[in-house]
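Have a look at the structure below before the remarks.
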């Protein structure tokens with residue numbers, strides 16, 4: 001059953017429709033995109049389940065600046081976030097981490113892979129320096145970046161860690177160096193967050209893994225919707241042909257790139273093409289990012305995380321990142337006397353920086369060209385020029401003609417439709433949540449994946465939440481407990497309950513006997529002894545008699561002989577739970593161990609003590625007469641008093657008890673049911689078997705209370 005509303009989606013998990021009975025055993029998985037919901041940028045997704053909260057990614061939006069670029073952090077309580085998992089070092093996935101660490105109440109743990117942390121630090125420190133004096137300058141400082149690095153912990157691919165009951169496994173995502181997909185497991189519920197991923201290998205990165213075991217929920221990027229990438233070889237050939245066309249007409253070719261990731265891929269392509277085409281070697285290639293140059297050391301450090309071609313090249317002492325035809329450009333002034341050339345400059349969206357400066361300087365010359373080789377985000381200049389406008393605004397505000405050629409070819413290492421559809425088919429999750437995509441393309445992808453599921457006969461629900469729109473998915477947790485200690489020595493019988501203490505440590509549950517707590521945990525069993533002093537409004541022997549009539553198992557622990565009315569300090573043990581000690585003349589001390597059973601019996605004893613002063617007069621009168629007869633040896637009078645006592649007790653408990661001396665019967669009328677009791681034998685006759693049993697128990701307890709106690713142990 002699926003419910004859709006303006007603000008939330010709700011779905012029941014399982015093959016059976018939800019009922020009130022099984023809903024009590026189900027828990028809600030809540031997923032909230034604080035960014036990247038029907039948009040590309042500021043990736044930040046919250047997952048809540050079983051009291052745990054996880055934040056996947058924490059980036060900014062490239063189309064906005066300042067606080068407007070941040071995810072909607074005010075939609076949740078950041079103090080409740082247990083864990084932040086950052087998939088990779090691109091700004092739209094990680095650039096808000098220092099803000100969260102330095103400017104909010106976030107106290108959770110942060111995890112990244114080794115390369116991601118190394119490049120994250122370089123990238124964010126460089127970003128702080130570049131943004132000084134701009135609208136982004138107030139978001140955070142270099143001190144906040146350092147604080148974020150200090151709190152960041154490392155995770156390797158295929159490594160599983162347990163963070164306070166949350167199992168986290170990192171899988172290769174392809175995309176860029178160090179990029180990870182994260183599988184989280186909480187109480188048997190598995191959710192996979194892909195971040196940006198690619199299932200196709202390129203010149204330096206391997207393809208993304210296929211995680212296992214399969215997840216129940218997949219949160220997957222929808223960047224390219226139903227679009228399909230060109231095959232790698234054809235894409236690379238078209239790319240270099242575009243560049244050759246620009247430089248051969250005497251123009252300058254601008255390649256706006258992200259400093260890390262796609263820049264290294266494009267440089268590998270250009271290096272190889274220039275090496276194979278001697279006629280182009282006179283055309284200089286510049287990479288205009290000092291950060292990209294510094295990051296090459298990180299790339300060379302983590303060769304083991306790249307594909308087999310790169311590993312093989314290093315194994316032959318040939319460093320693919322030691323470029324022969326590519327040099328560093330430190331400023332735009334270095335191009336003043338240069339003719340045809342190729343420049344890789346940041347940022348990729350042409351919003352600011354050197355790439356924007358070069359675009360503004362070159363856009364009016366028809367010999368020049370710009371190639372957008374990444375996904376062009378809505379609201380950026382890169383996206384605007386793909387529509388081929390006749391004029392553009394420079395950063396200085398001047399309206400100038402756009403005469404340079406504009407080309408677009410995707411080297412963005414994001415999954416296309418074929419990769420996403422195959423990935424989802426192989427994982428076969430019941431639930432797929434699409435993020436990191438524009439609304440129209442995301443809607444098309446959703447429809448295509450729904451149709452694919454129908455064709456394959458796979459049961460799957462897909463969601464395309466907006467920013468801050470929660471998705472609610474019911475999932476029944478799997479709780480397993482290992483029986484340990486002395487409890488494990490008992491043979492378990494199928495269908496029979498096994499009682500013990502259930503102790504959870506992280507993801508591990510153990511069932512044990514209370515005495516085994518110190519052995520398997522740091523806990524020690526404790527006892528609470530309750531003690532209460534009550535006033536006694538009747539003789540001690542009468543209280544004992546009242547308790548013996550009402551409760552099984554009333555014994556004197558000090559003296560098993562006859563009970564004296566003024567016995568000093570005599571003790572009674574009631575139901576082997578409550579201890580009563582008489583403090584003459586008119587008080588009693590009651591002690592018991594606090595637990596549900598002990599408390600219930602103690603309540604009963606207290607009620608008997610408090611009501612003892614107001615017992616029916618006939619009971620008190622018959623008991624007094626019996627004691628007097630016994631004291632003078634009048635056994636016949638004592639027997640008559642006992643019959644009168646029995647009548648009084650039955651009348652008090654059941655109502656309308658009368659004695660027929662001629663027939664030797666006691667008759668009791670309970671509603672419309674008739675009970676007859678023989679005076680001499682105590683035999684009970686009644687058509688209602690349940691009522692007969694109750695009367696027999698009452699008579700039996702009275703007879704036991706009146707009988708002399710045995711002097712034998």
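The values are calculated or read from the model by the stated rules, or taken from the named source; none is laboratory data. Everything numeric in this text was worked out from a predicted model, so none of it was measured. Positions of Cβ are generated from backbone atoms using ideal geometry, with glycine treated the same way; all protein chains shown enter the neighbour counts.
Tabulated data for the structure shown
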read-out: From the options 156, 196, residue that is touching a residue at least 40 places away in the same chain (Cβ under 8 Å) and either assigned by TED's automatic domain parsing to the domain that holds residue 294 or surrounded by fewer than 22 Cβ atoms within 10 Å (Cβ to Cβ) (or both); value: 156
read-out: Output for region 393-407, where each listed residue is in contact with a helix residue (DSSP H, G or I) (Cβ under 9 Å, 6 or more places away or on another chain) and closer than 16 Å to residue 253 by Cα; value: 402, 404, 405, 406, 407
read-out: Hey, residue 262 at pLDDT below 90 and crowded, with 21+ Cβ neighbours inside 10 Å or not; value: yes
read-out: Single unsatisfied condition, residue 254 versus (1) touching a strand residue (DSSP E or B) at 6+ places or on another chain (Cβ under 7 Å); (2) farther than 25 Å from residue 89 by Cβ; (3) not assigned by TED's automatic domain parsing to the domain that holds residue 198; value: (2)
read-out: Filter result for residue 406 (free of Cβ contacts under 8 Å to residues at least 40 places away in the same chain and under 24 Å from residue 230 (Cα atoms)); value: yes
read-out: Residues satisfying the stated conditions in region 77-102, i.e. over 18 Å from the mean Cα position of the chain (by Cα), at pLDDT 95 or above and more than 22 Å from residue 414 (Cα to Cα); value: 97, 98, 99, 100, 101
read-out: Qualifying helices (runs of 4 or more DSSP H) (wholly inside region 300-418; at least 1 residues being in contact with a strand residue (DSSP E or B) (Cβ under 9 Å, 6 or more places away or on another chain) and at negative phi); value: 353-362, 381-385
read-out: Residue among 106, 64 that is in contact (Cβ under 8 Å) with a residue 40 or more places away in the chain and either surrounded by fewer than 23 Cβ atoms within 10 Å (Cβ to Cβ) or assigned to a loop (DSSP other than H, G, I, E, B) (or both); value: 64
read-out: Conditions (1) surrounded by 11 or more Cβ atoms within 10 Å (Cβ to Cβ); (2) under 22 Å from residue 575 (Cβ atoms); number of the one not met by residue 527; value: (1)
read-out: Some residue of region 340-362 being closer than 21 Å to residue 244 by Cβ, loosely packed, with under 15 Cβ neighbours inside 10 Å and assigned by TED's automatic domain parsing to the domain that holds residue 267; value: no
read-out: Among residues of region 631-655, those that are surrounded by 12 or more Cβ atoms within 10 Å (Cβ to Cβ) and under 24 Å from residue 550 (Cβ atoms), counted; value: 16
read-out: Flag for residue 166 being in contact with a strand residue (DSSP E or B) (Cβ under 9 Å, 6 or more places away or on another chain) and modelled with pLDDT under 95; value: yes
read-out: Of residues in region 119-162 being closer than 12 Å to residue 95 by Cβ and not in a helix (DSSP H, G or I), the one modelled with the lowest pLDDT; value: 136
read-out: Enumeration of residues in region 678-694 that are outside any loop (DSSP other than H, G, I, E, B) and out of contact with any helix residue (DSSP H, G or I) (no Cβ under 7 Å at 6 or more places or on another chain); value: 678, 685, 689, 690, 691, 692, 693, 694
